[in-house]
Amino acid sequence: MLLVEETEILDTPTGPMGTYLFRPAGEGAFPGLVFFSEIYQVTGPIARMARQLAGQGYVVAVPEVYHEFEPPFTPFAYDEADTAKGNRYKVEKELASYDGDARAVLAHLENRADCNGRLGAFGICLGGHLSFRAAMNPNVSAAACFYATDIHTRSLGRGQNDDSLDRLGEISGEIAMVWGRQDPHIPRAGRDLLRAALSDREIDFSWHEFNAQHAFARDEGHRYNPALARIGLDIVFELFQRRLQLGLG
């Protein structure tokens, strides 16, 4: 499938937000996906993963998660300085701003002529947590979260006291949670806490753990595991095809 790649500036409650769009070429209307990046914004690995998603028949919007702090279309480097900057922004940004960004992207997708109105969310690392929170919007039918950070510690956003665990009852769609067992950012106790909370609230979810480290699906760096990344994406493709392409449970 051939793709079209574009950029747009979307309005949010906290200012303009650079957003990358990847969509199938040609006529037709497709389900929409909001893809939340890790703390480095839209890097080469994120763009390549977005193309894989769009190639399955989706309009994929990738917003810049730190648009309040940086000029539009500013990717970070995978180095010590930008890692520190990304982690600093993560807790300086207001929690409500993350949610406002998600609503802005979802509304944009919903109003596009090439989107059929079925919406999903996907994210990795910080983006995994943002995808988890995006699933609390009633128009999100499916969400996939790769090694979602900070849910178990309630530490997303300014004040580091987020309410993601308290709002599980707002999730009405299906969620796929994907983890690496050797991930130091989300230890077993943290994963167990979240899994129990999802089970207790009878959320429609699947749970997948691999012998892998944090960021094992990022196709740059020593932690990349191509075989496990492919399996993880197959889980995502199955979820979105069933819930968004076919409209099945």
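Of the residues making up the range 146-169, at least one is within 28 Å of Val4 (Cα to Cα) and either under 17 Å from the mean Cα position of the chain (by Cα) or modelled with pLDDT of 95 or more (or both). Of all residues in the range 175-200, those that are surrounded by 16 or more Cβ atoms within 10 Å (Cβ to Cβ) and touching a Lys or Arg at 6+ places or on another chain (Cβ under 9 Å) total 5. In the set (1) surrounded by fewer than 18 Cβ atoms within 10 Å (Cβ to Cβ); (2) closer than 19 Å to Thr7 by Cβ, Val59 fails one condition alone, (1).
Go over the candidates Ala104, Ala113, Ala121 one by one and state the one that is of a type in the set (Gly, Ala, Ser), within 18 Å of Tyr147 (Cβ to Cβ) and in contact (Cβ under 8 Å) with a residue 40 or more places away in the chain. Give the steps one after another, and end with the answer.
On the way: Ala104 fails: within 18 Å of Tyr147 (Cβ to Cβ); Ala113 fails: within 18 Å of Tyr147 (Cβ to Cβ).
That would be Ala121, the only listed residue that is of a type in the set (Gly, Ala, Ser), within 18 Å of Tyr147 (Cβ to Cβ) and in contact (Cβ under 8 Å) with a residue 40 or more places away in the chain.
Does at least one position in the range 210-226 carry a residue that is touching a helix residue (DSSP H, G or I) at 6+ places or on another chain (Cβ under 6 Å), aromatic (Phe, Trp, Tyr) and not in a loop (DSSP other than H, G, I, E, B)? Scanning the range 210-226 turns up at least one residue that is touching a helix residue (DSSP H, G or I) at 6+ places or on another chain (Cβ under 6 Å), aromatic (Phe, Trp, Tyr) and not in a loop (DSSP other than H, G, I, E, B).
Condition check ((1) among the acidic types (Asp, Glu); (2) over 24 Å from Asp99 (Cβ atoms)) across all residues:
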site	(1), (2)
Leu156	no, no
Asp162	yes, no
Arg167	no, no
Ile171	no, no
Gly180	no, yes
Asp204	yes, no
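The residues of the range 9-53 that are part of a strand (DSSP E or B), crowded, with 22+ Cβ neighbours inside 10 Å and of a type in the set (S, T, N, Q) amount to a single one, Thr19. Checking each residue in the range 170-193 for being among the aliphatic types (A, V, I, L, M), over 20 Å from Pro138 (Cα atoms) and within 17 Å of the chain's Cα centre (by Cα) picks out Val178, Ile186. Taking the conditions exactly as written (at positive phi, among the hydrophobic types (A, V, I, L, M, F, W, C), in contact (Cβ under 8 Å) with a residue 24 or more places away in the chain and surrounded by fewer than 24 Cβ atoms within 10 Å (Cβ to Cβ)), does Phe69 satisfy them or not? So Phe69 fails the test.
The values are calculated or read from the model by the stated rules, or taken from the named source; none is laboratory data. All values derive from a computational prediction rather than experimental measurement. Using ideal geometry, Cβ is built from the backbone for each residue, glycine included, and neighbour counts are taken over all protein chains shown.
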